[in-house]
Amino acid sequence: MRVVFGVLGPVTAWDAAGHPIALKGPRHRAVLARLIVARGRVVPVGRLVDDLWPAPPAGAVSAVRTFVAALRRALEPRRTPRTPARLLVTEGPGYALRAGRDAVDAWCFEEELTTAATLLPGDALARLESGLGRWRGPAYAEFADEPWARAERSRLTGLRLHAVERRAEARLALGRAGEVVPDLEAHTGEHPWREDAWRLLALALYRTGRQGDALAVLRRARALLVEQLGVDPGPGLRRLERDILDQADHLETAARPDAGPADAAERVWARTTAAYDRTVASGARNRLESTVGLLRQLAVSGGGGLEAAREHRVAAVAAAEELGDPELTARVIGAYDVPAIWTRSDDPHQAARMVAAAERTLAALPPGGPPSARARLLATIAMESRGTRSARGRQAAGQAERIARDLDDPTLLAFALNGTFLQSCYHAGLAPRRDGIGAELITLSTRHGLTTFEVLGHLIRLQARCARADFPGADGHAAAADRLAARHELPLVGVFTQWYRALRLAATGGGPGSAQESAYRAAAARLDGAGMPGVERGLLPLALLSVALRHGSPAPVGEHTDWGPYAPWTRPLVLLARDRGDEAAAALRDAPDPPDDLLSEALWCLLARAAVDLDDRETMERAHHELAPAGEELAGAGSGLLTLGPVSGHLDTLTTALRRPR
C-alpha cells in the first residue's frame, strides 16, 4: 500500500486513496516525525528515547518499541504477521523510515523548488505554485518546541520564504506585477529582514506605475536595516533605488517567455544537457566526473544546494567505488574542491565516510599514479577531518600542500591551502598564520581566476583581522567578498559577511545590547535554509550569550534553548545563572576540552568564567595555559561571528583568581 507522509503542517499520513491514516497518539507521531527528519538514516532507539522524553521514564525503550509496532500496523495494515516491515524498518541499533523521495510532502516541495530554478518563468511558476500549495501550516507544527525538529523546521521555513520570493519573481517576469504587490506587502511585513523581498516589492510597485510608493518602500527598508540592525542595505536594494531615480529603461521590461538573455541561457542549458544525454552512454564512467562538476556549482548556489550537493556527492563516491577503479574514484572524490570556511563539519557522519573512502582509495592507487590525484585525496582528508583533533588531518594537509607546490598547480594548491586552513586551529593564537594562508589564496586566485577561492581568502583574512581587532582591515575584506559574490552569484557569502557586521557592532560597542542582539538575530535568519547545520546549530544562542556576558548580564536561562554542539561549555554558566551551583560544578568537571576550531578560544573563556565563579583551580590553570598564546586576540572573533572580548582580560581575571587564598 502506498503511503504519503505530510510534515508541512501537522504531521500526518495518507493512504493511496488520499484518506488520512490514524497515527495514534502524539508520541507515535513524534516517532514518525523524528524518522522523517532523519531522511532515511537509522535513528538509534536510545536517541529516540532521549528525544521523546526530557527525563525518560522506566520502560521508555519498551514504550518506543510499542509505538513503532503500532505505527507499522497503521502504515502497513495488510502485512502478514512476522514478515519484515517495508516502510518502518529495524536496522542495527534502531529504526529507519524507507520512504521514497515522492512520499514526503517536504521532499516533494524541495524537488519542485530545485526544478523551478531550471525552468522558464511560466513553467517555473507552475512548479512553485504546486510546491507552495503543499504547505498546510508551519512545518512539523505540533513539534515546534522540540530540539530535534528545530533545525529542520528552520531549514524548511527558509526554503518556503525563498519559494515565495521566486514565485513573485516569476510573476514579474511574466508581466503580472499587479498580482505580486499584495503578497509581497504581507511577506515583507512578516519577514522584514529579507532584502530580496523588499527589492521585488519595490520593482512590482514601479511596474504598476507607483514610482513614489516604490521609493518609499526602499527607504522604509533602509530605515529598518540602519536603525534596528546598524547595517546599510545590500547592493541589490541600492542599485534598484538608483535605477528608479534614473527611470532606467530596463526596469520597465518584464521578460516574456522564450525572450531575453536569461531565457537564452536556459535554452543553451537545456540543449546541451539533452545532447549530453543522447551522446554519452548512460553507463559511461565519465558521467560520474561530470556529476561532481555540477555538484561543485550546486554547493555554492545557496538555498538547499549545499545540502543536496553533499547528499549526491556520497552517492557519486559510492558508485565510483562499486566500479572498482581507484583512479576514477580518486578523481570523483578529489574533484569536489568546494571551498570551506567553517572549521566544524555540517555532517560529521558523512565527513567520516568521505575520509574513509579517501583513505581506501589512497591505499588502492597503483604506484606511480598521478601525484595530483594523491594530493586531492589528501586535501579531502584534511578538509573532512576538520574539528576532530585528528593528527592525520594535519599530516594530510601538509602532504597535499607539498605535492601541489612541487607540481606548480595553482588550482590544486588552492584546494590544499583550504585543507591547511581548516587544520590551523590546533592551539590558540594562530590568527596570524591563517591571515598568511588567506593572503596567499587571494594572490594565487587573482592571478589564475579562481573566484571561489579568492572569496575564501577574503573571508579567512576577515576572520584573522577580527581576531586582532583590525576592523577597518576586516571591512575591506568583507566588501571585497561581497563584490565577488554579487558578480559571480555566490549567495552564501552574504551569510558570513552579515554575521561579521553583527560581530563588529558588538565588538565595538555599537548601540545598546538590544541592537546587538537584533543584529545577530537578523544574521541568524540568513542561515535558515542555507544548508549549513554545522554553522547554524547553537550559534545564535551562543552569540546572544556573548552579548549578555559582555554587558554584565547573567547567562540566558531559557529551559528550551538549543545550545547545539556548544552545550557542554555553556551548561556550567547556565546552571550558575539558575543558582544550581553543585550541578554547575559537576558540569564544569565533565566538560571536555573544546574542539580545535575557530570558536575554541571563546569556549575556553566560557569555561574560565565558570571556573572563576566556582573556584575550580584545575580548570582555571588549564584555561590559562590554553588561552595564553592568544593573549593579543579577541576571544572568538577569529570565527568572524562573535566575541567574548579581549583574551587578555580573561587571562588577567584567571591570574587574579589563582592568586586568591583557597
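Things to note:
- From Ile381, Ile403, residue being of a type in the set (Val, Ile, Thr) and within 21 Å of Thr443 (Cα to Cα): Ile403
- Matching residues, segment 352-368, being out of contact with any Leu (no Cβ under 7 Å at 6 or more places or on another chain) and in a helix (DSSP H, G or I): Ala352, Arg353, Met354, Val355, Ala356, Ala357, Glu359, Arg360, Ala363, Ala364
- Index of the failed condition, Arg609 passing every other in (1) outside any loop (DSSP other than H, G, I, E, B); (2) within 29 Å of the chain's Cα centre (by Cα); (3) touching a residue at least 40 places away in the same chain (Cβ under 8 Å): (2)
- Selection status of Pro629, part of a helix (DSSP H, G or I), over 30 Å from Gly494 (Cβ atoms) and touching a residue at least 60 places away in the same chain (Cβ under 8 Å): yes
- No other residue among Ala163, Ala139 is in contact with a Phe, Trp or Tyr (Cβ under 9 Å, 6 or more places away or on another chain) and surrounded by 21 or more Cβ atoms within 10 Å (Cβ to Cβ) apart from Ala163.
- Candidates Arg79, Arg127: the one that is touching a Ser or Thr at 6+ places or on another chain (Cβ under 9 Å) and among the basic types (Lys, Arg) is Arg127.
- Extreme residue, surrounded by the fewest Cβ atoms within 10 Å (Cβ to Cβ), among residues of segment 1-13 that are among the hydrophobic types (A, V, I, L, M, F, W, C) and within 21 Å of Arg153 (Cβ to Cβ): Val4
- Remark: Ala577 falls outside the filter, which requires a residue to be closer than 17 Å to Ala151 by Cβ and either small (Gly, Ala, Ser) or touching a Pro at 6+ places or on another chain (Cβ under 6 Å) (or both).
- Being open to solvent by 50 Å² or more (accessible area, probe 1.4 Å) and either over 25 Å from Arg155 (Cβ atoms) or under 33 Å from the mean Cα position of the chain (by Cα) (or both) is a property that does not hold for Val43.
- Residue list for segment 561-606, restricted to those being open to solvent by 30 Å² or more (accessible area, probe 1.4 Å), without any contact (Cβ under 8 Å) to a residue 40 or more places away in the chain and part of a loop (DSSP other than H, G, I, E, B): Thr561, Arg578, Asp579, Arg580, Pro592, Asp593
- Of the criteria (1) within 15 Å of Ala635 (Cα to Cα); (2) open to solvent by 10 Å² or more (accessible area, probe 1.4 Å), which one His458 fails: (1)
- Verdict on Pro182 being surrounded by fewer than 20 Cβ atoms within 10 Å (Cβ to Cβ) and under 19 Å from Arg39 (Cα atoms): no
- Only a single criterion out of (1) open to solvent by less than 70 Å² (accessible area, probe 1.4 Å); (2) of a type in the set (D, E, K, R); (3) out of contact with any Lys or Arg (no Cβ under 6 Å at 6 or more places or on another chain); (4) part of a helix (DSSP H, G or I) is not satisfied by Arg27, namely (1).
- Within segment 114-131, restricting attention to residues that are under 10 Å from Ala163 (Cβ atoms) and at pLDDT 90 or above, the residue that is surrounded by the most Cβ atoms within 10 Å (Cβ to Cβ) is Leu128.
- Count - residues of segment 638-652 that are surrounded by fewer than 24 Cβ atoms within 10 Å (Cβ to Cβ) and in contact with a Gly (Cβ under 7 Å, 6 or more places away or on another chain): 2
- Under the condition of being open to solvent by less than 60 Å² (accessible area, probe 1.4 Å) and of a type in the set (Gly, Ala, Ser), the residues counted in segment 47-97 number 9.
- Scanning segment 422-468 for residues that are over 23 Å from Ser301 (Cα atoms), touching a Lys or Arg at 6+ places or on another chain (Cβ under 7 Å) and assigned to a helix (DSSP H, G or I) returns Ala431, Asp435, Ala439, Ala464.
- Condition check for Leu323: surrounded by fewer than 21 Cβ atoms within 10 Å (Cβ to Cβ) and free of Cβ contacts under 8 Å to residues at least 40 places away in the same chain: yes
- Count of residues meeting criterion [open to solvent by less than 30 Å² (accessible area, probe 1.4 Å) and part of a helix (DSSP H, G or I)] in segment 229-240: 4
- Top-ranked residue of segment 266-297 - restricted to ones that are closer than 19 Å to Val332 by Cα, aliphatic (A, V, I, L, M) and modelled with pLDDT under 85, ranked as nearest to the chain's Cα centre (by Cα): Leu288
- If you filter segment 98-113 down to residues that are open to solvent by less than 50 Å² (accessible area, probe 1.4 Å), farther than 30 Å from Ala173 by Cα and in contact (Cβ under 8 Å) with a residue 40 or more places away in the chain, you find that the one that is nearest to the chain's Cα centre (by Cα) is Val104.
- Index of the failed condition, Ile36 passing every other in (1) part of a loop (DSSP other than H, G, I, E, B); (2) open to solvent by less than 10 Å² (accessible area, probe 1.4 Å): (1)
- Taken as a whole, the structure leaves Val64 outside the set of residues that are over 19 Å from Glu142 (Cβ atoms) and outside any loop (DSSP other than H, G, I, E, B).
- Among (1) open to solvent by 30 Å² or more (accessible area, probe 1.4 Å); (2) modelled with pLDDT of 95 or more, the one test that Leu542 misses: (1)
- Near pairs, Cβ below 8 angstrom, 6+ apart or cross-chain, from segment 493-505 (touching a residue at least 24 places away in the same chain (Cβ under 8 Å) and closer than 10 Å to Ala474 by Cβ) to any residue that is of a type outside the set (Val, Ile, Thr) and not in a helix (DSSP H, G or I): Tyr500/Gly640; Tyr500/Leu641; Arg501/Gly230; Leu503/Gly640; Leu503/Leu641; Leu503/Leu642; Arg504/Gly510
- Within segment 546-560, residues that are farther than 17 Å from Ala637 by Cα and among the β-branched types (Val, Ile, Thr) reach partners that are assigned to a loop (DSSP other than H, G, I, E, B) and modelled with pLDDT of 70 or more with beta carbons closer than 7 Å, at six or more positions or on different chains, in the pairs Val557/Arg578.
- Qualifying position, being over 24 Å from the mean Cα position of the chain (by Cα) and at pLDDT 90 or above, among Glu169, Glu227: Glu169
- Unmet requirement for Leu412, which otherwise passes all of (1) crowded, with 24+ Cβ neighbours inside 10 Å; (2) over 22 Å from the mean Cα position of the chain (by Cα): (1)
- Test for His349: is it open to solvent by 20 Å² or more (accessible area, probe 1.4 Å) and in a helix (DSSP H, G or I): yes
- Among the residues making up segment 182-198, those that are among the small types (Gly, Ala, Ser) and over 23 Å from the mean Cα position of the chain (by Cα) are Ala186, Gly189.
The values are calculated or read from the model by the stated rules, or taken from the named source; none is laboratory data. Just so you know, these numbers come straight off a predicted model, no measurement behind them. We place every Cβ from the backbone using ideal geometry, glycine too, and count neighbours over all the protein chains shown. Protein only, heavy atoms only, side chains kept; ligands, DNA and RNA dropped before computing areas. Shrake-Rupley method; radii C 1.70, N 1.55, O 1.52, S 1.80 Å.
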